[in-house]
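Take a look at the following structure, please.
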Amino acid sequence: MATTSAPVYPANTPIPFDLFVSKKHRALPRGVLGFADSSGNIVFKVNRQDSKSSFSHAKAILLDSAGNPLISLYPHNDGSWQGFKGDDGDKNLIFKVQRVLTKFTRTELEVFLVSENQGQGELTCDFKVIGCHFQRSCTIYKVDSIVAQSYAQTSEDLC
C-alpha cells in the first residue's frame, strides 16, 4: 500500500490554518503558483495551460501536493469562470464565478455552487469575494460571515 507524506486537510476543519501563497517557492517550477502550509510544504499548486487551438480557452488547474488535478478553471468571454471537478472541462461542474464590480481599487466576485442551486432556476450567490489587487488582499464571505481572508505579508507582519 502506497503512502504519501503530504499533509491532508479536511474540508470542514473547525480549526483555521494558514496557507502561504508564492510563485518563488524552492519546490515550484517557474510560473507555477503554490500554496504552502506553515511548515513550508506545498499543499496546492496552480498550473496555467494555454489553449493550443483557437476553439478552446486557456485554463488553470488546481493540483494537490501529489500533482493530482482537483479543479480545472475555464474562463469565458463574458468575464466569468467555471470550475469543474478534476481535469475534465465537460462534466462535473462545481461552481461558477461572475465578476460583479471592477473598480480601480476594488474587485467583487460572486461564487455560485452548482449543487446548492440545482433545480432552483436562477442561481443564488453562495459566496462573495471582495478584494484589492494593490494590497494583494481579499475577503471571502458567506452571507455576512467571513470564511477566509488573504493579505500580503509585510516586514511588519513578520516581527
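The values are calculated or read from the model by the stated rules, or taken from the named source; none is laboratory data. Being a predicted model, the structure only gives us computed values, none of them experimental. For neighbour counting, all protein chains shown are included, and Cβ atoms are generated from backbone atoms with ideal geometry for every residue, glycine included.
Go through region 94-125 and report how many residues are surrounded by 15 or more Cβ atoms within 10 Å (Cβ to Cβ) and in a strand (DSSP E or B).
Counting residues in region 94-125 that are surrounded by 15 or more Cβ atoms within 10 Å (Cβ to Cβ) and in a strand (DSSP E or B) gives 12.
Still on this model: Conditions: (1) in contact with a strand residue (DSSP E or B) (Cβ under 6 Å, 6 or more places away or on another chain); (2) closer than 24 Å to Ala36 by Cα; (3) modelled with pLDDT of 90 or more. Ala66 meets all but one. Number of the miss?
(1)
Only one residue in Leu73, Leu28, Leu33, Leu19 is closer than 21 Å to Lys96 by Cβ, at pLDDT 80 or above and not assigned by TED's automatic domain parsing to the domain that holds Val114, so which one is that?
None of the others qualify; the one that does is Leu73.
Still on this structure, I have one more. Just to verify a result, which residue in region 17-40, among those that are over 17 Å from Asn68 (Cβ atoms) and touching a Leu at 6+ places or on another chain (Cβ under 9 Å), is surrounded by the fewest Cβ atoms within 10 Å (Cβ to Cβ)?
Ser38
Based on this model, can you work out whether Asn117 counts as farther than 20 Å from Leu19 by Cβ and at pLDDT 85 or above?
no
Being small (Gly, Ala, Ser) and either over 15 Å from the mean Cα position of the chain (by Cα) or in a loop (DSSP other than H, G, I, E, B) (or both) is the filter here, so list the residues in region 14-49 that pass it. Walk me through how you get there before you give the answer.
If we filter region 14-49 for residues that are small (Gly, Ala, Ser), which is where we start, we get 22, 27, 31, 34, 36, 38-40.
Passing the criteria: Ala27, Gly31, Ser38, Ser39, Gly40.
Quick check on Val43: is it in the same structural domain as Thr124 (by TED's automatic domain parsing) and surrounded by 16 or more Cβ atoms within 10 Å (Cβ to Cβ)?
Considered against the rule, which asks whether it is in the same structural domain as Thr124 (by TED's automatic domain parsing) and surrounded by 16 or more Cβ atoms within 10 Å (Cβ to Cβ), Val43 comes out as no.
May I pose another question? When Lys91 is evaluated against the numbered criteria (1) at pLDDT below 90; (2) in a strand (DSSP E or B), which criterion, by number, is the only one it fails?
(2)
Now for a different question. Report whether or not Arg136 is modelled with pLDDT under 90, at positive phi, of a type outside the set (Ser, Thr, Tyr) and not assigned by TED's automatic domain parsing to the domain that holds Arg30.
Yes.
Only one of these is in contact with a Cys (Cβ under 9 Å, 6 or more places away or on another chain) and modelled with pLDDT of 90 or more: Val46, Val97, Val129. Name it.
That would be Val129, the only listed residue that is in contact with a Cys (Cβ under 9 Å, 6 or more places away or on another chain) and modelled with pLDDT of 90 or more.
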